[in-house]
């Protein structure tokens, strides 16, 4: 499980990289009134792919590290403990919601008829998803739930 946790930590940085790349592309597309390009498509595709990989790794951790068992066996205790609640409920739900937004956003961008609509939809959906992701990451400075910037094997 330590290997999966390290991979989960590393993929976080790829998600942040590709998420910000997609958002920057959307902003530059809107402000520069430029056409939707293959680069725009690549950025949001990679963002979605790494979100999916992260979801798979996260679900493996969730069900094999006992988070799910703790929630189902003693929900009252879990909900009273901030750290347990974060990992069993808050982190999980916020990340799943963010990934759903990424998928809806990608689909919505593909269906948009104009370049301006595509850039706007990228910005809205991926922007909200990135805010959720940033809020749900257990950053080292978050008391009680923080994890290191980079984990080692």
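The values are calculated or read from the model by the stated rules, or taken from the named source; none is laboratory data. Treat the numbers as computed from the prediction; the structure is a model and nothing was measured. With ideal geometry, Cβ positions are generated from the backbone for all residues, glycine too; neighbour counts draw on all protein chains shown.
Laid out as a table, the results:
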| read-out | value |
| --- | --- |
| 1 or more residues in contact with a helix residue (DSSP H, G or I) (Cβ under 6 Å, 6 or more places away or on another chain) and touching a residue at least 24 places away in the same chain (Cβ under 8 Å): qualifying helices (runs of 4 or more DSSP H) within segment 1-92 | 2-31, 38-64, 67-73 |
| First in segment 137-153 and at positive phi, second anywhere and surrounded by 10 or more Cβ atoms within 10 Å (Cβ to Cβ) and outside any loop (DSSP other than H, G, I, E, B), Cβ under 7 Å, 6 or more apart | 144/82; 144/83 |
| Residue in segment 75-91 that is at pLDDT below 90 and over 18 Å from residue 144 (Cα atoms) present | yes |
| Set 121, 106: member being over 27 Å from residue 144 (Cβ atoms), surrounded by 14 or more Cβ atoms within 10 Å (Cβ to Cβ) and over 15 Å from the mean Cα position of the chain (by Cα) | 121 |
| Residue satisfying condition, being within 14 Å of the chain's Cα centre (by Cα) and either surrounded by fewer than 18 Cβ atoms within 10 Å (Cβ to Cβ) or within 23 Å of residue 128 (Cβ to Cβ) (or both), within set 14, 5 | 14 |
